[in-house]
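The values are calculated or read from the model by the stated rules, or taken from the named source; none is laboratory data. The structure presented is a predicted model; accordingly, all values stated were derived computationally and were not measured. Here Cβ is always computed from backbone atoms with ideal geometry, including for glycine, and neighbour counts include all displayed protein chains. Ligands, DNA and RNA are stripped out before the accessible areas are found, and what is left, the full protein with its side chains, is counted by its heavy atoms. Shrake-Rupley method; radii C 1.70, N 1.55, O 1.52, S 1.80 Å.
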Amino acid sequence: MIYKIIAKQAIEDLFKGLQENYDEVAGPRACGPAFVFDKLQHACELRLDYESTILPPTKYFLAPTERLMRFNRVTGESYDSEPVQTSRAIIGMHPCDINAVLLLDEIFLGDFIDPHYAAARKSTFIIGTSCMPTVGHICNAFGTDEIHRGFDLFLTDLDDRYLLSCRSVPALELVDKYLAASDPTAKDIDDFQERTKRFKDAFTFTPNMDQLPLLYGAKYNDEQLWKDVGDDCLCCGACAAVCPVCYCFDVCDKLDASGQTGLRYRSWDSCLKSEFAEVAHNHNFRPTRASRVRYRFYHKFVGNFSRQGKMLCVGCGRCMRACKVNITPARIIGALQQSQIDKEDATGDGIEKADDAE
C-alpha cells in the first residue's frame, strides 16, 4: 500500500482522470432528501459526504435484472450468452459496502464462477471513502467498519485534505498522472489517528457477537421468539432489495411473439416472499412468516458462517431504514440475547426457590 495526500479540490482532477480512462463513472449523488449510486457526468454531482444510499453499489455487480442469454426453443441453440461489460469506475464506496463485495466474491467467484459477476468485477475500478457512523450503522459489530483490500484507491477525509491509500497499479498510475499528491507528514498521520478514534467512538451498538451462531442454533426452535418477530413481518422483501449481500435471484424465460425464440434473465428475489420456498403440488417448506424470518437470519448469522467463516451482514443499516416494522439485525441479535438472559434468570430463580424450600 502506498499513501499520498491531496487537497479536497483535487477531487475534480481525479474525476477527470476517471472519465478519460473508463466508459462510465458512478458515485453517490443527491436524489431528493436521499442519496443514490448513479452515473455521474460532472464532479459537482458527486457527494462524498453522504450517510448511506437507497440501494447499495453491489447492484453494479449483481444487477436487479440481468439478461443471461437468448435462445431458440426449436433448435435448442443459445446465443448472446457471453457477458458484455463496459469499464466502470465507482467512487465513494464505504468500507461496509466494499466488504459486501468481498463477501459476494466468495459466493460468485468461488468453486463455481458466475461469468456475469466475474466480468463486472474485472471491469470495475473501486474507490472507497471514509464515513462516520450514524443511527442504524452497526458495521463495527461485524468487523466491516474497516477495509484493507477489495479496492484500488481509498480516500480518508482529513477535513481539508484526503489521505489516499493506493492498492493497485492502475490507482498509482491515476494518481501520478492526474493529481498533485504529496507524501504524508507527521501531522497527517496524527490527524488520521485522531479521526480513526472519533470514528470508533461514534458507534453506539456494541453487542457481544462471539457466541451468536451458537446462540442462534440454541434458539432456532424457540417458537415464541420467532412468532413475535414473524407476526410483525410484512413479507414485502424491502430488506432484501436494499441489502448489499442478499444474492437470491429468480431465473425466468420470456418467449418472443413467435413462440420460438426467447430471452432468459435473472432478477433479484427474496426468501421472505411467500412463494420463495414453494414447490410442486403447492407444498411450501416455509409457509409462515415466522419460518421465513427465521430462515433469512439463520442464513446470515449461521449458514454462511459455517461455510465461509463470515456472517452475511455488513451492518450498513439500509434494512433498518427500509423495514416499516423494525425487523433488523440489531433487533434479532437483541431478541436472541435477551431470550438467553431471561432463560438464565428463570433458571436461577428456580434454583433459589428450591434452596429456600429445603
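Side notes on the structure shown:
- Förster radius 45 Å - calculated FRET efficiency between ALA30 and ASN221 (Cβ-Cβ, nearest 0.05): 0.45
- Whole-angstrom gap from the stretch 318-343 to the stretch 99-147, using each part's C-alpha centre: 23 Å
- Between amide H atoms placed 1.01 Å from N, distances below 5 Å from LEU40 occur with VAL25, ALA26, GLY27, all of them 5 or more places distant or on a separate chain.
- Couplings for the stretch 300-315, taken from phi via the Karplus curve 6.51 cos²θ - 1.76 cosθ + 1.60 with θ = phi - 60°, read 6, 9, 10, x, 5, 5, 5, 9, 10, x, 9, 6, 8, 8, 10, x Hz in order; Gly and Pro are left as x.
- Here the chain carries DSSP beta bridges of which approximately 75% are antiparallel, counting only pairs with both residues inside.
- Rh (Kirkwood; distinct C-alpha pairs) - the chain, Å: 22.9 Å
- Structural descriptor for the chain: relative contact order 21 percent, calculated from alpha carbon pairs under 8 angstrom and at least 6 residues apart.
- Per-pair calculated FRET efficiency, R0 = 30 Å: ASN326 and THR196 via Cβ, rounded to 0.05: 0.45
- Neighbourhood charge, 12 Å Cβ-Cβ cut-off, centred on THR53 and excluding it, Lys, Arg +1 and Asp, Glu -1: +2
- A 1.4 Å probe, protein heavy atoms only, puts the accessible area of HIS283 near 90 Å².
- Accessible area of the stretch 1-96 belonging to carbon and sulfur atoms, whole % at 1.4 Å probe: 47 percent
- Gap separating the Cα centres of the stretch 25-88 and the stretch 148-165, nearest whole Å: 24 Å
- Exceeding the 31 Å Cα-Cα cut-off - candidates LYS122/LYS187; LYS227/LYS254; LYS59/LYS254: LYS122/LYS187; LYS227/LYS254
- Straight Cα distances below 16 angstrom link LYS16 to the lysines LYS8, LYS39, LYS177, with same-chain residues fewer than 8 positions distant left out.
- Rolling a 1.4 Å probe over the protein heavy atoms of the stretch 142-226, with every protein chain left in place, gives an accessible area that is 50 percent carbon and sulfur.
- Over the chain, DSSP H runs of length four or greater, each weighted -39,500 (n - 2.57), average out per residue to a 222 nm ellipticity of -10500 deg cm²/dmol.
- Estimated FRET transfer efficiency when R0 is 22 angstrom, pair THR261-CYS235 (beta carbons, to 0.05): 0.05
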